[in-house]
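Read the figures in this text as sums done on the coordinates, not as results from a lab. Quick caveat, the model's predicted, so the values are computed rather than measured. So basically every Cβ, Gly included, is an ideal-geometry build from the backbone, and we count neighbours across all protein chains shown.
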Amino acid sequence: MAGSHRATHPKEPVARSGHPSRKKAPARLSRRSVAIAAGVALLPALWLGSQKVLDDGTGGGSNDKPIPDVTSTRTPSGSPTPSAAATTPSRPATTAAPALTRIAASGPRRLTVRGLDVGFDDSIEARSGGFQAASTAEAARWGSRGTPASPGTDTVFLIGKVYTRGASAFAGLTGVRTGDVITLRTQSGAVLRYTVTSSTPRPASGLLRRPEFTQEKPGRLVLVGILFDRRDDQRTGKYQVVVAQLTGAQKG
């Protein structure tokens, strides 16, 4: 009967449990497909990035061209572009030695520098490690050393006394400064000019063993002032030593 047939085959209930239904499986496969597709889409970009890293390394081919650095060509507004010359360290300028007129050797006749005006006595020699100038008013040349000339063969030494209580040949020698010009007229009438490079007191002990005295330097002039004290004009045991270099020469 119709009624008993429906009772024999009851209506199948709809599943409401927490287990996923088979009808939702296609949606899960769709998200997985999207993820796979996105990964595949990124593969070309990853390949290009790795290729650039390799190209930037040391394994590039001979035809590879470096990527230009666009920042290196930019300069601030109003600032000039630095030139190659500006970035190259410049070498220090060298000054050539002046070509001086050749002057034959001749004894000194007169010396002037910063107010000093000195004539010359006979030449002398060093004794007991020092000098004994005979004249008070005039200077003397160390005879066995150089003679004024251009360029010369040895250092020229001129010696005079420096009194403080009276006139003397080298009075005021302590006031000579670096850069002063010494004018020396020779017996032949030639004029030699020397520029002072140093002026300093030196102890008498060991003076003749100093480099200024042991070296033979053509064109060098050394003035030696024998210093006396201010009380009784006794020797102080010191010398005023002025060193100068030949910078000018003129025939008489």
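Couple of notes before you dig in:
- The distance from the alpha carbon centre of region 97-139 to that of region 195-252 is 11 Å, rounded to a whole number.
- Computed label-point distance, nm, for sites Leu208 and Ala167 using a 7 Å Cα→Cβ extension: 3.1
- Between Thr247 and Thr200, the contour length at 0.36 nm per residue exceeds the Cα-Cα span by 14.8 nm.
- Largest-first ellipsoid semi-axes for region 108-250, taking √(5λ) over the Cα gyration tensor eigenvalues, angstrom: 22, 16, 14
- Value of relative contact order over region 108-250, rounded to a whole percent, pairs C-alpha under 8 Å and six or more apart: 26
- When Arg230, Arg210 are sorted by how many other C-beta atoms sit within 10 angstrom of their C-beta, beginning with the fewest, the order is Arg230, Arg210.
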